Amino acid sequence: MYITGISREHNNGIGDKDKLAMKAFTKEELEEALRAIESTISKCEKVQPKLKQGTSQYTLLIRRIQALNIASALIKRELGCE
């Protein structure tokens, strides 16, 4: 079973525009990506209390966790987990 995803490739034609290219991901690839993402979220959440609020490191970590949570939710939706 293949699930289609979108990746960006540089367009070697006129200008600096990006074109979208379709890539198929297997269920196993998505499950492995989900495991890696969830592991990274866990590690980020463990580091969060050690950082001072208002610092650039803290802000970056919060945004990273948010982005990883979105990625996790999208993969789960593709897999039919939610």
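We did not get these values from a lab; they are worked out from the coordinates using the rules stated. Small disclaimer: the values here were computed from a predicted structure and weren't measured. Glycine gets a Cβ as well: all are built from the backbone with ideal geometry, and neighbour counts include every protein chain shown.
Obtain the nm distance between the two label points defined at residue 57 and residue 70 by a simple spin-label model: each point lies 7 Å from its Cα along the Cα-to-C-beta direction.
2.5
Given R₀ = 22 Å, what would the calculated FRET efficiency be for residue 81 paired with residue 46, taking r from the Cβ atoms and rounding to 0.05?
0.40
Place a point 7 Å from Cα of residue 35 in the direction of its Cβ. Which residues in region 43-76 have their backbone N less than 11 Å from it?
In region 43-76, the label zone of residue 35 (backbone N under 11 Å from the point 7 Å along Cα→Cβ) covers no residue.
Give the long-range amide H neighbours of residue 25: residues separated by 5 or more places, or on another chain, with amide H under 5 Å away, using H modelled in the peptide plane at 1.01 Å from N.
Here 3, 4, 5 satisfy the definition.
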